[in-house]
Structures are given as C-alpha cells and as structure tokens.
C-alpha cells in the first residue's frame, strides 16, 4: 500500500514538474499587445477620427447600434443626457433621428415606464462612435448572417 502511494506521489510530482516546465516554455512565445512593460507608464491612446454619417452593419444579433456622429462634447451625467434630446420620443420624429428602442423604457421587473430606465440612461455604456480604428490583431471575424430558422 505504501509503495502504491509513493508511486502515485512520484507520478504526480513529475506531472506537475513537467507541466510547469511546459508552461514556462510556452510563456516565452506569448506576445503582449501592450507596447510597454506592465510597470512602465503607457503612452496616451491614439485619437481616431469619427466616421460621420456612415452606418456599419451590426456584427451580431442584439448588438447596440454604433453612433454615426461625434459625441465628444455631449454631456451625460445624472441630470443631463444630450442623446435624449434627439433620440427620445417624441423628439426623434422632430429631429429625424432614430428613436431609442422601447426596451429602454422597461425596468428590470418588466414594467413599462414613461421615461428612459435608469439602467439604460448612460448611452455610452453600450453605444460607441464609429471610428477609423484598425483591428489590434489580424483576425478572420465575419459578421453573423441572418438565419431565418432562428425565429
């Protein structure tokens, strides 16, 4: 019995040792997207030009639409949300802007409200401006296609 336990302990120690050595060898091959070491200050982020007017297709179902205009100077705080000046009903008809989804008026209990729900009030949490940024890494991502069988 003692021999069996010693053999298992030895096998486990060897497996763990090889696992650590294998992980160390693989870690040398990993490259970071970060241009500096973790303990060094980062350079300021690049500023990208907002792509005005163009509308990008959504990449997946239920993706929040991207904003096709600059929002740099839009004030959004607990008292003011400038997005709602154009996109909240009934202003959306007057401004000829897309109306925000009815889902933005439903609270977490499923109750319809007359004003935008607090969970959906800060638009820039989900909606981002369209910019001319290039992907950080090469990829072969393709947007989802509409599958009529999903209905």
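Selection over segment 75-87 of residues that are in a loop (DSSP other than H, G, I, E, B), closer than 19 Å to residue 64 by Cα and without any contact (Cβ under 8 Å) to a residue 40 or more places away in the chain gives a count of 1. Taken as a whole, the condition of being surrounded by 10 or more Cβ atoms within 10 Å (Cβ to Cβ) and either on the phi > 0 side of the Ramachandran plot or over 20 Å from the mean Cα position of the chain (by Cα) (or both) applies to residue 36.
Condition test on residue 41, is it more than 20 Å from residue 117 (Cα to Cα), out of contact with any helix residue (DSSP H, G or I) (no Cβ under 9 Å at 6 or more places or on another chain) and free of Cβ contacts under 8 Å to residues at least 12 places away in the same chain?
So residue 41 passes the test.
The residue list 77, 72 contains one member that is at pLDDT below 90 and either under 19 Å from the mean Cα position of the chain (by Cα) or under 19 Å from residue 128 (Cβ atoms) (or both), which is 72.
Do you know which residues across segment 98-128 are part of a loop (DSSP other than H, G, I, E, B) and either closer than 22 Å to residue 66 by Cβ or in contact with a strand residue (DSSP E or B) (Cβ under 6 Å, 6 or more places away or on another chain) (or both)?
So in segment 98-128, the residues part of a loop (DSSP other than H, G, I, E, B) come out as 98-101, 107-111, 113-117, 121-122, 126-128.
Correct list: 98, 99, 100, 101, 116, 117, 121, 122, 126, 127, 128.
Consider segment 88-97. How many of its residues are surrounded by 15 or more Cβ atoms within 10 Å (Cβ to Cβ) and either touching a residue at least 24 places away in the same chain (Cβ under 8 Å) or assigned to a loop (DSSP other than H, G, I, E, B) (or both)? Result for segment 88-97: 2.
Looking across segment 98-141, not a single residue is exposed (fewer than 13 other Cβ atoms within 10 Å of the Cβ), in contact (Cβ under 8 Å) with a residue 12 or more places away in the chain and touching a helix residue (DSSP H, G or I) at 6+ places or on another chain (Cβ under 6 Å).
The values are calculated or read from the model by the stated rules, or taken from the named source; none is laboratory data. The model shown is predicted, which means the values in this text are computed figures rather than measured ones. Here the Cβ is made from the backbone with ideal geometry for all residues, glycine too, and neighbour counts use every protein chain on show.
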